[in-house]
Structure formats: structure tokens, C-alpha cells
1. Provide the FRET efficiency to the nearest 0.05 for the residue 593-residue 125 pair, computing r from the beta carbons and using R0 = 35 Å.
2. Obtain the nm distance between the two label points defined at residue 134 and residue 39 by a simple spin-label model: each point lies 7 Å from its Cα along the Cα-to-C-beta direction.
3. Classify the chain: rounded, prolate or oblate, from the alpha-carbon gyration tensor (a ≥ b ≥ c, eigenvalue square roots; a/c under 1.5 rounded; otherwise prolate if a/b is larger than b/c)?
4. Name the helices (complete DSSP H segments) of the chain with a Cα length along the long axis of 15 Å or more and a Kyte-Doolittle mean of at least 0.0, or state none.
5. If you average the alpha carbon positions of the range 517-577 and of the range 195-274, how far apart do those two centres end up, in angstrom?
6. Assuming 0.36 nm per residue, please report the length gained on full extension of the stretch residue 298 to residue 421 beyond their Cα-Cα distance.
7. Filter the trypsin sites (Lys or Arg not before Pro) in the range 191-245 down to the DSSP loop ones having no more than 16 other Cβ atoms within 10 Å, then list what survives.
8. Suppose each label sits 7 Å from its Cα in the direction of the beta carbon; what would the residue 69-residue 290 distance come out to in nanometres?
Amino acid sequence: MNTLRSESQQRERIPTEIHDSSESASRELAAYIAGRIRQRAAEGRSFVLGLATGSTPVRLYRELVRLHREEGLSFSNVITFNLDEYHGLGRTHPESYWRFMHEQLFNHIDVPADQVNIPDGLVARGDVFAWCRAYEERIAAAGGIDLQVLGIGRTGHIGFNEPGSGRDSRTRIVTLDALTRRDAARDFLGESNVPRYAITMGVGTILDARELVMLAWGEAKAEVTALAVEGPVSDSLPASFLQLHAKVRVLVDRAAASGLTRLRTPWLVGPVEWTPALARRSVTWLSQVTGRPLLKLLDSHYGEHGMAELLTEQGPAYHLNIRIFNETQHTITGWPGGKPNADDTHRPERALPHPKRVLVLAPEPSDEMLGMGGTIARLASQGHQVSVVYMSSGNLAVPDTEAAAAAELLMSFSEKDGPAQYARTRAVWQKLMAQDGEEGAAPAAANEQELRRLKGLIRRGEARSALRTLGLPTEAATFLGLPFYEKGRYRQFRPGLEDFEMLRALLVRHQPHQVFVTGADQDPSSLGALCFDLFRKVLADLKGEAWLEQCRVWLYRTPDKRWAPHEIDMAVPLSPDQLAQKVQAIYQHRSQRSQSPSRGELHSEEWLQAEQAARELAKAYDALGLAEYEAIEAFSRWKG
Ligand code: F6R
């Protein structure tokens, strides 16, 4: 943790503490909150706590529950105010913030129900204004908020104060930003189910709290957090208003901190130790900011961009340029499993053994295609034994419309000769029909086992079809179906021992030479991050096994989170045909296509994003002065 306001933090306008993990940050904050609550209790006074929902505070709430259960922390003197609620959702809707708060926190602690305040999602439109004023009055009557916990959205929102929200805005109804709705699409089982409006405390309401703590985890929050902390105060990024508060701090994990100047370009804010990795990062950055290829950088460019020290230590520019050019050049290979009978001194992967046993782990079907479809095709065509392991069934991401179509197909198929199956399928179908069109209804009976089984089967079929598109046999697919996914919902999954054992057994059975895995640095409560964490724990447990010593782990990313060139250890170029094949494979995941393209949501289609990401990476390599490819898929080697 780093609270010191040092030279390297000179650009940070909000005190920012970087923690090793979201767990340690959440524990620290929970202990702090507990201290404040106890202090007030000792004085016979109440403590007014402002709360947020979403994935970010989940670990904080777990820790508060633990403190209550195991360390006797009482919440009887606590009054809570939540930031926001979707408009149009009743309390029992699976995605209502009322339900979220009760499931995550209130049901497990002793806060009296009449001291809990959450905006009411069902206030009639005409009554919203008066209702919001009353909410503000309730906050004032409680003595104002002592401490407000905040998350940050990728639009820079706090609460649901989207860009454009003014410094003095108060509790009100707002329209959700398109990006915010897209981010919530998973939870609502489709973007079109996400409400368009929400009731939120205003920026002014938030700034009135006596103390603010904003939390951010995972790489997806890095850019927006850096802007909020280091950028100008502006209503185009409402979180930047926090800079105006006298008592505010931001807690981040390493991934969310990675956009801050002290981590992204530390040479600009003080002396650094010029490790080989930092030299590569800074020279690549220099090429990008000057718009010049690596081999055309001059000493003067280094000098003008805070890198004179690097020149003195490792220069002149001519040598540095060539060194970094070669390092980057050596990341490129058309042989992701290693090239047999070739000198592999400067290749990212070993030549031997050949062929290799390759495991590709996908948190849910289609992740592997988005991140590395072209590479999978290459590995298979180069003779390696490729197994794609789908860790979860992915059934939560199948819209009801797809399930209804499949149920109808199954019904007509089994009508004559499978009466029992027919009856079961018909029951599922009837439920789907009954909820169709119900305003504010939960989009799917998410816990209905038979429905989820059907949706899981849809995804299996799509995954097999995608593998076939790449020329792989259907047997290349293993559907692990980890149980934690079947028992949970997005943002609320909790992998356990059973999941650990299943993944462990799989790895022991395969004894792979190469594993491709994703999810490192993602939001810790996301499916990808949980799957990665499970994998990490299994590897730690297997440490010392002879086969594991010989196994290399490669990280891939899905297009929502792209590699910067300096992070890449292996770059696999794709020809135009190979790129087209990859896109075709992604396209097989029919159930994942946008449900309402007519509303201008087509740009969010995954295959388009994947294609664009691979093309852009090729352009980035080209701009560095390397060969010009159509597209590139990239990997970073995980060193554990
Ligand atoms: C939730 C809220 C939002 C979230 C933000 C981040 O009450 O007010 O501002 O904090 O959207 O959401 P997650 O934590 O899910 O990434």
C-alpha cells in the first residue's frame, strides 16, 4: 500500500492507495468503517453510511459480514443510504439494487430495517421529483452522510451520474449511458432488458458527504480511474468532481492503478530503475507519442520526452532502437506451439517437444475464439493436440428468445417418440411464453434448472460448430461445466473446493505442455477473473510436478481488454483468410449476437470487436516499423 504523497504521485489530485489485491483493499476499508461505527456507538451516536452496489463493493460487504459474525461488530447504530436504483424494477427483481443489498449485506447483519434507505425503483414517473426531494431530506434529517462508498463506471459515472451531470446535481431520475447499459447486459441476460432510467443521488449530494472513498478494481477501470484522479475536473467525467472534496481517497488494485502516470510512464514523474522491461515499455511509448518507427527515433526525441537518463545509461538512441526493435521482432511467430527443427533461441516458444499437448481454457464458450481463434487453428494445423476446455456452461448468457426457439425445435422433434422429454421441454417453453412481454419482469427464471440445461446445450452446440469452422474435430471440446457457475449469477459467483478439484483433475489428466488462459487482471468478481484465480490456485497446488515444470502458461485476452505492444511476448500474425476464418468461427456463437441490432447496437457485436482488435494490433506493430500484417493475436507469458 502506498499512501505517501511522493514525487511519483505528483499528478494525482486525489490521494490514491494502490493495493496488491481488491481483497486487501476491501479488508482495510472494512476495518476502517468498523472502527468508525464502534467509535460512534461508544459515544451513543449513529453512523450514517452511504453505500454502492455493483461488483466493486462485493468483497467489502463480505468482510463487513465477517466482522459482524466473527468479531461482534454491530450495525444497530448504522443508518444507510444507497446511491441509486434502476427505475422500473421492483424489489424482488433479480437485478434490483434493493435485492442486491439485502442478499450481499443487510440480510446478514443486524442493521434495523427502518434504518436502511434505498431509492424506490417503482415510484411513478410523475412522483419521482417529490420522492427524490424527500430522499434528500431524509439524508439531512439523519445528520448527513458520514462516509460514502463509491464505485466508478467506465463512463466515469459515480452513482448513476453519467457524463453531463453537473457539480450541483441532486437526487433525480437519469437516463443511463449506452456504455453503462452494455456493461450491465450480462447481468440482465441481454442489453435490451437493461432499464433505460435510474434514480441516483446527484454529484452534489455525494460531495456533501463528510468523507468519500472510491474503489476500483481490474484493468477495465484503469483508464477512467486515471482520468478521474489525474485529469481536469469536468462534467464529462463526473468522478473527477471528487477532486473538489476535502476528505476523499481512492483505493485501487494493481490492475486498476495501471493507468496512473506513476505506473504507466513512471519516467515522467521521477527517477526510475531502467529494467529491460521498462526500457522496452518506454521506447515503445516514445515511438507511439512521436509517431515514428522504432528505428527512426533520435537522441533528441529521448531527451524531449523525459528519457535522457535512459540514453545516458543504455544509449545512444541507435543502439537502444535496434535492441528494442529486435526484442519486439522476436515476439512474432507463425508457430505458436514452437517450430520443430528450428533454432528456438529467439522464439517465444520451444521447438520441442513436438507435437505438444495444448490446453485452451475458456471461462465460457466463445472467449477462446474471440481471443485466439486464429492461433487455435494454427496450433491444430501444425499437428499439436489441442483441447479446448469450457470451464462454465455459459448458459446465463443465452437470451430467452434463443431458448424458446430451441425448445420449439425440440418439441416438434420429440413430439412423437419422446413423450417425457416433450413434456419437460413444453413446461420450459410455457414458462418462457408466459413471461414474454411482462413489463419489468425478470428476463429469465435464471434458476430454472431445465431452462439452464437447455441454454447450456445451445452453447455447447455453438462451441462445437465454431471449432469445426476452424477445422478442429468436435472431440477437441471438453465441457467442464464447473458447478459454481450453475449455482450463481454474474458478479456473485463463488467457486469452491468442488470446482478446484475438477480443474485440478483435468490438468493432471492432460499434463499439458502449453496452457492458454484468460482472466488475469480482470475485475476480480468477473467470471474470467474467478476462473483464472481457480487456475492459479490449482497450479500452486500442483507445484513441483515434473510435467508442470515443462509447461508454459500463455495469457490471452478478449477484445474488450487489449494488449499494449510492450506487454506482448508472442504475436501470432493472421493472413486475411485466417482472419476471415476466425470471424466465421465467432459468428457460430449465434446466441451471443446482439438481440436488437436495429437499435444501433450492432457496433457492440463481438466478432466485429475481435476483428477490429486483431487488425489494430497489426497496425500498432506496423507503426513501430515491423512487418505489416493483416491482423495479429497476442499473448503474454505468465510467470506465476
Ligand atoms: C452502483 C453505482 C455505480 C457503480 C459503477 C461500477 O450503486 O452507483 O456507480 O459503482 O457502475 O459498477 P461495478 O462495480 O459493477 O463495476
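1. Numbers: r = 33 Å, r/R0 = 0.93.
That pair, residue 593 with residue 125, gives E of 0.60.
2. 3.4 nm
3. It comes out oblate by the Cα gyration axes.
4. Helices meeting the criterion: 128-141, 276-290, 367-381, 400-414, 497-510, 527-542.
5. Answer, in whole Å: 27.
6. Working: separation 123, 0.36 × 123 = 44.28 nm, distance 7.22 nm.
Separation in residues times 0.36 nm, less the Cα-Cα distance, equals 37.1 nm.
7. Listed in order of number, the matching sites are 196, 210.
8. According to this spin-label approximation, the distance is 5.8 nm.
Values quoted throughout were computed directly from the atomic coordinates according to the rules given, and no laboratory measurement underlies them. Being a predicted model, the structure only gives us computed values, none of them experimental. Because the Cβ atoms are built from the backbone with ideal geometry, glycine has one as well, and the counts that use them run over all protein chains shown.
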